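**Q** Quick one: structure below, then a few questions.
The values are calculated or read from the model by the stated rules, or taken from the named source; none is laboratory data. This is a predicted model, so every value here is computed, not measured. No Cβ is skipped: glycine too gets one built from the backbone with ideal geometry, and neighbour counts run over all protein chains shown.
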Amino acid sequence: MKRIRLGIIATVIALSLAVLSSCSTVGALFRANISGLPYWYYNPTMGAGRDMTAIVCEGSGTTLRQAELAAYEETITRLSDMLGYRLGQESYRELSVLGTITQYGVTINDRFETTAEGKTTVYLQVLIDSAILDAATSDETRRRSTLSAKVEQLVLAGDEYVKNGMELKAVQNYMKAMAEGFGEDFIDDEYGFGELYPVVMELLSGIDVSIESKHPETAGCTVYVARRGTFVSSAVNSAEIRATYKAVDTRGTIYDDFFVYVTDQEGLFSFNSINNSMVRTGEVVFSLNLGAELEALASKVGEERISDLRALIDSKTVSFDYYKVYQMGSIATAVIEHDIHGYVTGVTDISEYIASSLFSDGSEAMPFYAELDEEEDVLYEFLHSGRTENCLLVVRMGVTDVVQSRNDVCAASAEGIVVLYSRDSEVPLYRSEIINASAFAATEDLAVSEAFKRLADIALSLIKAVYV
């Protein structure tokens, strides 16, 4: 009898627990029957599965589509709140088109629509994979911790740079910190945009960039970076300054080249172009090397917020003109012309053309005639000819193709190579890659002549950059 009584009591307890566990379900069904809304509106987890998190989202509008989009937007907002960061447009598009967000295991399990007084409301039962949600939330926690530490480290290192007279290094760090932390509400205010921006403006306002000891004939100078003080200026060391100038590539095309210099303890650096193809006459522009930081910041905060900063950085730019003179002495010009069959023509027009161009540009230049096939042979003959020029320029060029069009216009293509020798060494001072040119003319001879002249112009551009 004792065992029977114990069995009855256990059965009663089990039934009581079952009833209690089903209360929410019964309540949801009861309220659903009264309101006309689906049961999951009152109990989102009904039918969701043990490994799923369920939420109900809704949206209203004057049309069904507006209501749907509003419901999707609320879903994105709710999920963003759960994750701790705002989901992007990619997630919204996937949800509104496919009804899923694969990255977070999100699916729309059910939906319901109502219309009353000209307004449509859409209800969504949204299921989220709990394991993926937990992992993503953990990832966000790690991201926040990592980003906070990174921003703090940038700012604290910037503070140390200021103490050590390295203001531009500090500005670089502060700008990086502003870009990294902008829009992140968990970043400490002292490391945020509002606090750092005026600091950057103040530091840059006190910095001057000036050019000392200019040497236009060699395109050289000394650049000085200092901060203005109450009585005297102080040197800014480790300041990165970007030097920009024009150069000529192996095809004779002028392009912008640059190199970044760093000031020493005295706030100075000497500029001498490391690019031998720097154009002979031009301008060197020195600017604060903050372009990458500025663009990264603009992409995060918007151009309007940093317009004053951009203008201030631009105001620190200085420049100087140069005109490199020929310092290698006189030069002989030898052009080896080949016809379309590869034979040396012996024509001297282009040799004279190049010499004349160099002479008019201030060089002692005279043509050297040699009916030889290789530039080394021309050099040998030049060295044993009794000529006294300091340098020898050899340009070897030949016809690669000649085509006559239907309207009797001829097109000629040519290629060549440029080599510069010093009479003191048989090793070339400069050797170009293959250069190419094309030209049109009424006859084949004129077209070839014009193509050769264009090759000569390219050779002149290259040699003027190197032969100084």
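**Q** Show the residue pairs that are 6+ apart or on different chains and have beta-carbon atoms under 8 Å apart, the first residue being within the stretch 89-102 and assigned by TED's automatic domain parsing to the domain that holds residue 127 and surrounded by 11 or more Cβ atoms within 10 Å (Cβ to Cβ), the second being in a loop (DSSP other than H, G, I, E, B) and not hydroxyl-bearing (Ser, Thr, Tyr).
**A** Correct list of pairs: 101/87.
**Q** For the structure I just gave you, tell me whether residue 190 is free of Cβ contacts under 8 Å to residues at least 40 places away in the same chain and either among the acidic types (Asp, Glu) or in the same structural domain as residue 262 (by TED's automatic domain parsing) (or both).
**A** yes
**Q** Give 371, 293, 303 a once-over and let me know the one that is surrounded by 15 or more Cβ atoms within 10 Å (Cβ to Cβ) and not assigned by TED's automatic domain parsing to the domain that holds residue 240.
**A** Every option except 293 fails the conditions.
**Q** For residue 357, are the conditions met, namely being crowded, with 18+ Cβ neighbours inside 10 Å, part of a loop (DSSP other than H, G, I, E, B) and out of contact with any Cys (no Cβ under 7 Å at 6 or more places or on another chain)?
**A** The answer is no for residue 357.
**Q** Follow-up. Name the residue, out of 111, 78, 144, that is surrounded by fewer than 17 Cβ atoms within 10 Å (Cβ to Cβ), out of contact with any Asp or Glu (no Cβ under 6 Å at 6 or more places or on another chain) and not in a helix (DSSP H, G or I).
**A** 111
**Q** Residue under question is residue 283, and the condition is that it be over 24 Å from residue 170 (Cβ atoms), in contact with a Phe, Trp or Tyr (Cβ under 8 Å, 6 or more places away or on another chain), among the charged types (D, E, K, R) and at pLDDT below 90; does it hold?
**A** Taking the combined requirement at face value, the residue does not satisfy it.
**Q** Among the numbered criteria (1) in a helix (DSSP H, G or I); (2) closer than 27 Å to residue 412 by Cβ, which single criterion is violated by residue 347?
**A** Residue 347 satisfies every listed condition except (1).
**Q** Report, by residue number, each residue of the stretch 389-428 that is among the hydrophobic types (A, V, I, L, M, F, W, C) and in contact with a His (Cβ under 8 Å, 6 or more places away or on another chain).
**A** Answer for the stretch 389-428, where residues must be among the hydrophobic types (A, V, I, L, M, F, W, C) and in contact with a His (Cβ under 8 Å, 6 or more places away or on another chain): 397, 399.
**Q** Can you name every residue in the stretch 360-394 that is under 43 Å from the mean Cα position of the chain (by Cα) and outside any loop (DSSP other than H, G, I, E, B)?
**A** 360, 375, 391, 392, 393, 394
**Q** Another one. Say whether the condition of being at pLDDT 90 or above, in contact with a helix residue (DSSP H, G or I) (Cβ under 9 Å, 6 or more places away or on another chain) and of a type in the set (S, T, N, Q) is met by at least one residue in the stretch 408-416.
**A** Looking through the stretch 408-416, at least one residue is at pLDDT 90 or above, in contact with a helix residue (DSSP H, G or I) (Cβ under 9 Å, 6 or more places away or on another chain) and of a type in the set (S, T, N, Q).
**Q** Here's a follow-up. Does the stretch 164-180 contain at least one residue that is touching a Ser or Thr at 6+ places or on another chain (Cβ under 6 Å), over 30 Å from residue 61 (Cα atoms) and part of a loop (DSSP other than H, G, I, E, B)?
**A** Within the stretch 164-180, one or more residues are touching a Ser or Thr at 6+ places or on another chain (Cβ under 6 Å), over 30 Å from residue 61 (Cα atoms) and part of a loop (DSSP other than H, G, I, E, B).
**Q** Select from the stretch 401-414 the residues that are surrounded by 16 or more Cβ atoms within 10 Å (Cβ to Cβ) and of a type outside the set (Gly, Ala, Ser) and write down the one among them that is nearest to residue 333 (Cα to Cα).
**A** Looking at residues that are surrounded by 16 or more Cβ atoms within 10 Å (Cβ to Cβ) and of a type outside the set (Gly, Ala, Ser), I get 402.
**Q** Identify the residue in the stretch 252-290 that is under 21 Å from the mean Cα position of the chain (by Cα) and part of a loop (DSSP other than H, G, I, E, B) and, among all such residues, is surrounded by the most Cβ atoms within 10 Å (Cβ to Cβ).
**A** By that ranking, first place goes to 290.
**Q** Does residue 397 meet the test of being crowded, with 21+ Cβ neighbours inside 10 Å and part of a strand (DSSP E or B)?
**A** yes
**Q** Quick check on this structure: which one of 438, 405 is over 44 Å from the mean Cα position of the chain (by Cα) and either of a type outside the set (Phe, Trp, Tyr) or farther than 15 Å from residue 345 by Cβ (or both)?
**A** 405
**Q** Within the stretch 307-350, track down each residue that is surrounded by 13 or more Cβ atoms within 10 Å (Cβ to Cβ) and free of Cβ contacts under 8 Å to residues at least 24 places away in the same chain.
**A** 310, 345, 347, 348
**Q** Limited to the stretch 414-451, what total is found for residues that are touching a strand residue (DSSP E or B) at 6+ places or on another chain (Cβ under 6 Å) and part of a helix (DSSP H, G or I)?
**A** The total comes to 5.
**Q** Of the residues 176, 169, 163, which single one is of a type in the set (D, E, K, R), closer than 18 Å to residue 316 by Cα and not assigned by TED's automatic domain parsing to the domain that holds residue 262?
**A** Criteria check complete, one pass: 169.
**Q** State whether the residues of the stretch 381-393 include one that is free of Cβ contacts under 8 Å to residues at least 24 places away in the same chain and hydrophobic (A, V, I, L, M, F, W, C).
**A** no
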